[in-house]
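Here the structure is laid out as structure tokens; the discussion comes afterwards.
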Amino acid sequence: MVKSLISIAGAFAILLSAAFLEWFYVEKQFQSFGQEIEMLTDKVEAETANEEDAKIVRNSWEDKKSHLHILIPHNDISRVDDWISETVSLIGEKNYSLALSKLEVLQQICRTVPETYRPGLENIF
């Protein structure tokens with residue numbers, strides 16, 4: 001009986017630790033990407049951004065998503081892929097007003113996706 005309780009407590013501790021590590025890693029990746037989006041947003045607002053700036057941010061996302069595929073659903077990754085691709089195209093066309101709206105969506109995604117992985121009762125039930 002005692003061994004079973006110790007095993008259950010150990011398994012629970014491992015799962016809880018894994019959940020916190022996952023949340024921390026996803027939070028860190030999206031925080032870093034969010035900072036890159038903010039820098040690109042500043043350039044777009046000043047209308048000094050070019051397609052190469054946007055492609056650098058997209059390439060950074062490509063690096064991050066290769067590690068995130070095992071942790072978050074592919075739908076979340078596809079959403080970011082779609083928005084960043086549209087942003088690159090709009091910046092290339094120098095359509096800064098629409099690019100700003102796409103960047104705002106990307107900033108919102110960077111704020112909300114990590115919260116869905118935060119260990120808490122609201123994410124369990």
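Of note:
- The phi torsions of the stretch 19-26, fed into the Karplus equation with coefficients 6.51, -1.76 and 1.60 and a -60° offset, translate into couplings of 5, 5, 5, 4, 4, 4, 5, 4 Hz, rounded to whole numbers, with Gly and Pro shown as x.
- Fraction of accessible area attributable to carbon and sulfur, the chain (%, probe 1.4 Å): 60 percent
- Average accessible surface for the chain: 63 Å² per residue, computed with a 1.4 Å probe over protein heavy atoms with every protein chain in place.
- Relative to the longest principal axis of the Cα atoms of the chain, the long axis of helix 74-92 makes an angle of roughly 20 degrees.
- Between the stretch 58-106 and the stretch 1-51, the alpha-carbon center distance in angstrom: 18 Å
- In the set (i) 15.6; (ii) 16.1; (iii) 14.4, the label that goes with Kirkwood radius over Cα pairs in Å computed for this structure is (ii).
- Positive-end ranking of 84, 16, 5 along the dipole of the chain, with charges on Cβ about the Cα centre, is headed by 5.
- Student exercise, the chain dipole from Lys, Arg, Asp, Glu Cβ charges, in Debye to nearest 20: 660 debye
- Net charge of neighbours whose Cβ lies under 12 Å from the Cβ of residue 60, counting Lys and Arg as +1 and Asp and Glu as -1: 0
- Taking Cα atoms only, the orientation of helix 96-112 departs from the longest principal axis of the chain by about 10 degrees.
- Pairwise Cα distances in the stretch 19-90 exceed 22 Å in 24 percent of cases.
- Non-local Lys pairs in the chain, i.e. 8 or more apart or on different chains, that have alpha carbons under 28 Å apart: 19
- Per-residue surface analysis assigns residue 60 an accessible area of about 20 Å², computed on protein heavy atoms at 1.4 Å probe radius.
- Mean-square fluctuations from a GNM of the chain, with a 10 angstrom spring cutoff on Cα atoms, peak among 71, 16, 40 at 16.
- Rounded FRET efficiency, nearest 0.05, which uses the C-beta distance separating residue 4 from residue 101 and R0 of 41 Å: 0.15
- Taking the charge dipole of the stretch 33-125 about its Cα centre, with +1 at Lys and Arg Cβ atoms and -1 at Asp and Glu Cβ atoms, the residue from 99, 39, 61 reaching farthest to the positive side is 61.
- Estimated distance in nm for a label pair at residue 67 and residue 25, the labels positioned 7 Å out from Cα along Cα-to-Cβ: 0.8 nm
- Accessible area (Å², 1.4 Å probe, nearest 10) - residue 5: 100 Å²
- Per-residue SASA entry for residue 8, accessible area with 1.4 Å probe, Å² rounded to 10: 110 Å²
The values are calculated or read from the model by the stated rules, or taken from the named source; none is laboratory data. Since this is a predicted model, take the numbers as computed values, not measurements. Counting neighbours? That spans all protein chains shown, and the Cβs are built from the backbone with ideal geometry, glycine included. Ligands, DNA and RNA are stripped out before the accessible areas are found, and what is left, the full protein with its side chains, is counted by its heavy atoms. Shrake-Rupley method; radii C 1.70, N 1.55, O 1.52, S 1.80 Å.
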